Amino acid sequence: MIKPANALKALLLLLVIMSLSLKPVHDAPTHQLWIYVTGVTPSNISKINIGLYRQQDNFPKRDGTFKHHIVAANNDTIKVKFEVPFGEYAVAASNDVNGNGKLDRNSFGYPVEPFGFSRGFRPTVRGPRFQECAFQFSRQNQLIYVKLAE
């Protein structure tokens with residue numbers, strides 16, 4: 001005969017194991033979002049940094065991305081796939097021409113290496129705000145173009 005205390009322990013253990021095997025309900029399904037970066041200066045040492053941001057992220061700071069890719073700048077157009085849930089996003093991209101791992105800036109803080117944002121935003125006296133670059137990702141295999149310029 002099984003003691004009630006042992007049966008309770010076995011039941012609790014079974015419930016814990018079952019709960020660990022279930023996928024959380026709050027995980028939204030992901031879909032393919034393609035970012036095409038144009039205006040790249042191809043070279044053997046340069047890299048393209050592409051950051052994908054949500055509204056609550058620290059846009060356009062590199063350390064504030066939702067998702068981030070760094071790829072070789074081996075062509076004048078770079079294609080990168082992000083697997084993300086549908087929603088509102090913004091993109092910031094830059095071409096690290098000298099391969100030093102950062103976006104170089106002049107003494108006024110303006111980038112001296114090519115950069116660009118979604119929706120074609122071009123900053124003048126200040127950096128972009130999320131809403132100025134935001135787009136709605138709402139269909140599988142959606143394409144977003146970012147043109148780099150100095």
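Laid out as a table, the results:
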| quantity | calculated |
| --- | --- |
| Count of segment 71-86 residues which are touching a Ser or Thr at 6+ places or on another chain (Cβ under 8 Å), open to solvent by 60 Å² or more (accessible area, probe 1.4 Å) and of a type outside the set (A, V, I, L, M, F, W, C) | 2 |
| Residues within segment 87-113 that are under 19 Å from GLU132 (Cβ atoms) and open to solvent by less than 60 Å² (accessible area, probe 1.4 Å), tallied | 10 |
| Residue match in segment 99-118 (condition: touching a Cys at 6+ places or on another chain (Cβ under 7 Å) and touching a residue at least 12 places away in the same chain (Cβ under 8 Å)) | yes |
| Test result for ILE50, at negative phi, open to solvent by 20 Å² or more (accessible area, probe 1.4 Å) and of a type outside the set (Gly, Ala, Ser) | no |
| Criterion violated by THR41 - all others in (1) under 23 Å from GLU88 (Cα atoms); (2) assigned to a loop (DSSP other than H, G, I, E, B) satisfied | (1) |
| Candidate set from segment 120-150 (those that are among the polar types (S, T, N, Q) and at negative phi); member that is surrounded by the most Cβ atoms within 10 Å (Cβ to Cβ) | GLN142 |
| Failed item in (1) farther than 22 Å from GLU150 by Cα; (2) out of contact with any helix residue (DSSP H, G or I) (no Cβ under 7 Å at 6 or more places or on another chain), with ASN58 passing the rest | (2) |
| Strands (runs of 3 or more DSSP E) completely within segment 52-150 that count 1 or more residues being under 16 Å from TRP34 (Cα atoms), modelled with pLDDT of 95 or more and of a type in the set (D, E, K, R) | 67-72, 77-84, 87-96, 142-147 |
| Residue that is nearest to PHE137 (Cα to Cα) [pool: residues in segment 23-82 that are within 11 Å of the chain's Cα centre (by Cα) and among the hydroxyl-bearing types (Ser, Thr, Tyr)] | TYR53 |
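The values are calculated or read from the model by the stated rules, or taken from the named source; none is laboratory data. Every value quoted in this text rests on a predicted model; they were computed, and no experiment measured them. Using ideal geometry, Cβ is built from the backbone for each residue, glycine included, and neighbour counts are taken over all protein chains shown. For the accessible areas, the whole protein counts, side chains as well, though only heavy atoms, and no ligand, DNA or RNA atoms are used. Shrake-Rupley method; radii C 1.70, N 1.55, O 1.52, S 1.80 Å.
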